[in-house]
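See structure below.
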Amino acid sequence: MEKIRIETRNVSIEFPGVKALSDINFSIETGDVRAVVGANGAGKSTLMKVLAGANPGYTGQVLLNGNVVELRNPSVAKKLGIEIVYQEVDMALFPAQTVAENIMMNELITGMERKVAVNWKHIRTAARETLKRLHIDIDENLQVSELSLAQKQLVLIARAVQGSCNFLILDEPTAPLSTAETEKLFALVEHLTKTENIAVIFISHRLQEVLRICRTITVMRNGELVANYPITSQTTIKSIVDQMLGRSFEEYFPKVQGHIGEVAFEVKNLCDEEGMLKNVSVNIRQGEIVGVSGLVGAGKSELCKTIFGARAKKSGQVLLNGKELKIKSPTDAVRYKLGLVPEERRKEGVLVDEPVYFNLAAADLPKYSNGIFISRKKQLENAQNYIQSLGIKTPTASQLVAFLSGGNQQKVAVGKWLAADCEVYIFDEPTKGVDVGAKHDIFQLIQDIAAAGKCVLYVTSETSEIMAITDRTYVMYGGCVTAELVTADTTEDEIMFYSTGGKDNE
Ligand SMILES: Nc1ncnc2c1ncn2[C@@H]1O[C@H](COP(=O)(O)OP(=O)(O)OP(=O)(O)O)[C@@H](O)[C@H]1O
Ligand SMILES: [Mg+2]
């Protein structure tokens, strides 16, 4: 098959206070599956945006089969066959339109510009054929708002490869997906590269996946490209992590066993209005880190939000130190000293148009007030503390969160609650999208909270994290608790068994 090659020569880009890319020489040919890895803020998304025409201010050159191309806007990139699927899939879709219309959006827009009448039958047929070709099993007549997140992502990929796409960039596509959904995505990636000769550039912090599906790898660090090589059976996760961080790093987290007191926080027989949660009971002792594991869709996030008053409760009780808490809204929860780091950081966890220092103080503003005014100085002091302990990559504490990289936004969302003085901390997938180094920093801070006698609920679908940080864990399946396990006495396999609905007597 004919190879098409895209190449960057000394591509650099600077934002106020940040040299985001320095002299990047990157190249890829069609048919390849390339991993691009690096710590949070390394420049992965920035480089990909250059290729997608979304960072017009770059210097240096981009060449397509040896010819210089000017990627100064997304439509030029698209015309040259370069497509990108960002992680925030909702922003790129039209929820009220059908799957077919979304897949054929480029054709619809071109038709509109040229004032050509729309042939709706053709739109439906062409979309159906694309879905069939890609082995994606979604009805083209459904409205996009009815789809799951994983399905929306597939629709975006179908749109991207509908025309003449040669290079498909997927920026952290697997972060929100379940294991089964991830497998479907991988099958699609294999089809696109092997059968359709497309180059797929795959960004991920999950290095196991990278070793499994990618053929070549590019490692970035601090805006520089530090390594570029084919993945072989000799390539190890440790070697990649060392290159990413620029130092030797052990993927091992020493769990320190702190003092665990009496039961302080209890959820009894919780049911939500929607009927997702079925009599969920969990308790946490003082100083204890309690996990909630289970697959994507088990009801874990619903549990967190219902406890926190962000979803309507139908029945059941939430108690702190034996006293029932009347939580009807998140404001009530905060008043009772509960904190929640939600899963969807951009939507619920941070205020992206506010500076880092304000976000890090936002969960407990009275703490920063001198009587009437909220002190900027106190907020800045607090911010410096967390910028350091979480390694938040930002030029200054006054930077708007919108300008931070995805993983650094997540660190701010976590730091916001760490800085608040809560009795109960609920973390819903706090390490999603953060690099391995930062994951350890977050673990360390959570352990410090527990050591101070607070209650921690740690919610994740990653069994390895449950094993690393919790004292005890509940497993959820279909809105029910299927098991309660002492971490030291269980295994990842046992957790998986209950996560997939296993029962003791089977
Ligand atoms: N529009 C912008 N304005 C200012 N700074 C920016 C902008 N876009 C990116 N940056 C900065 O450039 C650097 C690289 O960010 P980038 O998003 O490329 O990181 P990343 O490798 O994708 O990280 P992550 O794994 O967290 O997604 C970061 O320091 C980020 O804050
Ligand atoms: Mg990124």
Exercise for the section: Select, from Ala438, Ala362, Ala420, the only residue that is in contact with a helix residue (DSSP H, G or I) (Cβ under 8 Å, 6 or more places away or on another chain), within 29 Å of Val219 (Cβ to Cβ) and crowded, with 16+ Cβ neighbours inside 10 Å. Expected result: Ala438
Practice task
Name the single residue, out of those in the stretch 30-46 being in a strand (DSSP E or B) and more than 6 Å from ligand 1 (Cβ to nearest atom), that is farthest from Gly246 (Cα to Cα).
Solution key: Val33
Practice task
Among residues belonging to the stretch 445-502 that are of a type in the set (D, E, K, R) and surrounded by fewer than 18 Cβ atoms within 10 Å (Cβ to Cβ), point out the one that is nearest to the chain's Cα centre (by Cα).
Solution key: Glu462
Handout entry: Unique residue being outside the structural domain of Gly17 (by TED's automatic domain parsing) and more than 10 Å from ligand 1 (Cβ to nearest atom) when the list is Gln399, Gln410, Gln388
Key = Gln388
Handout entry: Any chance Ala420 is touching a strand residue (DSSP E or B) at 6+ places or on another chain (Cβ under 8 Å) and more than 16 Å from ligand 2 (Cβ to nearest atom)
Key = yes
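Table: residues versus (1) more than 16 Å from ligand 1 (Cβ to nearest atom); (2) buried (at least 20 other Cβ atoms within 10 Å of the Cβ); (3) part of a strand (DSSP E or B); (4) modelled with pLDDT under 95.
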position	(1), (2), (3), (4)
Asn55	no, yes, no, no
Ala77	yes, yes, no, no
Thr110	yes, no, no, yes
Val116	yes, no, no, yes
Handout entry: Which listed residue, of Leu131, Leu168, is aliphatic (A, V, I, L, M), in a helix (DSSP H, G or I) and either within 16 Å of ligand 1 (Cβ to nearest atom) or modelled with pLDDT of 95 or more (or both)
Key = Leu131
Practice task
Could you pull out the residue among Lys49, Lys19 that is surrounded by fewer than 22 Cβ atoms within 10 Å (Cβ to Cβ) and either within 16 Å of ligand 2 (Cβ to nearest atom) or part of a strand (DSSP E or B) (or both)?
Solution key: Lys19
Problem - Number of the condition not met by Gln151 [criteria: (1) surrounded by fewer than 21 Cβ atoms within 10 Å (Cβ to Cβ); (2) in a loop (DSSP other than H, G, I, E, B)] - result: (2)
Handout entry: Among (1) surrounded by fewer than 20 Cβ atoms within 10 Å (Cβ to Cβ); (2) modelled with pLDDT of 95 or more, the one test that Phe308 misses
Key = (1)
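The values are calculated or read from the model by the stated rules, or taken from the named source; none is laboratory data. Predicted model only: the values in this text are computed from it and were never measured. Cβ sites come from the backbone with ideal geometry, for glycine too, and all protein chains shown count toward neighbours.
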